[in-house]
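Have a look at the structure below, then the notes.
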Amino acid sequence: MSGKDKRFPLPLSSVVDKSSGRAQPSRQPQPRVATPQTATQNATLNAALNAALSLSRSAPVADAVQTRAASRTAPASPERTARPEPMVSDAVRSAMVARVAKQGVKDAKVLAAMSAVPRHLFVEPGLSGQAYIDASLPIGHHQTISQPYIVARMIEVMRANANGGALDKVLEIGTGCGYQAAVLSLVAKEVYSIERIKPLHELAKSNLRPLRIANIRLQYGDGMLGLPQVAPFDGIILAAAGLEVPQALLDQLSIGGRLVAPVGAQRQVLQLIERVSKFEWTNTTLEDCHFVPLRPGVV
């Protein structure tokens, strides 16, 4: 890292584009049906969380992700005041990962990333005790942090390419609180993430800064337009559902790359789109899901 810019995550303007060859995608195995995300599940599932608190501590998290407690000596972020560290054990996070694996996620690298990222640091302090249940949680501005299973599932599908899961550059549409970007940073060389809601863009920066993850670039802007200046991307993930995937995003997918997105209005399904040539894409429906709507512009 250069001594001229110590900010984390890095701004998009600090990036120099790189190019690489692309491989053909592989077939995706038959998926399972996901339980729709809902924050109203919290009361029921909280009992399971309390039971998990008695488990023994798990293996240390990855070196690439440091907990906020380990960075207490760093200067406080001007955007947010310091908050007390919640009493959340590694065993609770391990129980979450074990549940995600039982639900059908098999990719060991994805599961390791889910185990390494402290999800409770990305939700409000009052909800930290519910951070590891399998439900979405509100993060403000009518947005949510996605349930752990769907985060892992989408990343697993994106990684199941013909290049052995290698991802040089990925694009996330809808940064939210920054949690999924943190998970992506452990499975991809470079992560670009766009958020259209300015306070959430700032929240993500504040949440990610103590973790000092150097390969995430956050951008405030219209996610439906993508980032053509740094395309193509080996993988693209949408954290909001539109009636269809914007053509601008399809055009920014590399040949052999995979895009995973929720599509629909009242009923939503998770779709996998693979680019097989310059003018050809294939579309596979995976499973039911539930996301906030995809909207244009910025606020």
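Here are the numbers for the structure shown:
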| read-out | value |
| --- | --- |
| Only Lys, Arg (+1) and Asp, Glu (-1) charged, at Cβ; the range 181-253 dipole about Cα centre in debye | 420 |
| Cα-derived Rg over Rh, computed across the range 100-166 with Rh taken as Kirkwood radius | 1.02 |
| Gained length - L250 relative to N283, 0.36 nm times residue gap less alpha-carbon distance | 10.7 nm |
| DSSP bridge orientation in the range 107-241 - percent antiparallel, rounded to nearest 5 | 20 |
| Sorted peptide list for 112-121, 241-250, 151-160, criterion being average Cβ within 10 angstrom, highest first | 151-160, 112-121, 241-250 |
| Theoretical gain in end-to-end length, V299 to R267 [0.36 nm per residue, Cα-Cα removed] | 8.9 nm |
| Chain lengthening between H142 and V276 when straightened (0.36 nm per residue, less Cα-Cα) | 44.6 nm |
| P(r) of the range 175-299 over all Cα-Cα pairs, binned every 10 Å from zero, in whole percent | 13, 43, 37, 7, 0 |
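Each value in this text was obtained by applying a stated rule to the coordinates, not by laboratory testing. No experiment lies behind these values; they were computed from the predicted model shown. Ideal geometry is used to build each Cβ from the backbone, glycine not excepted, and the neighbour counts take in all protein chains shown.
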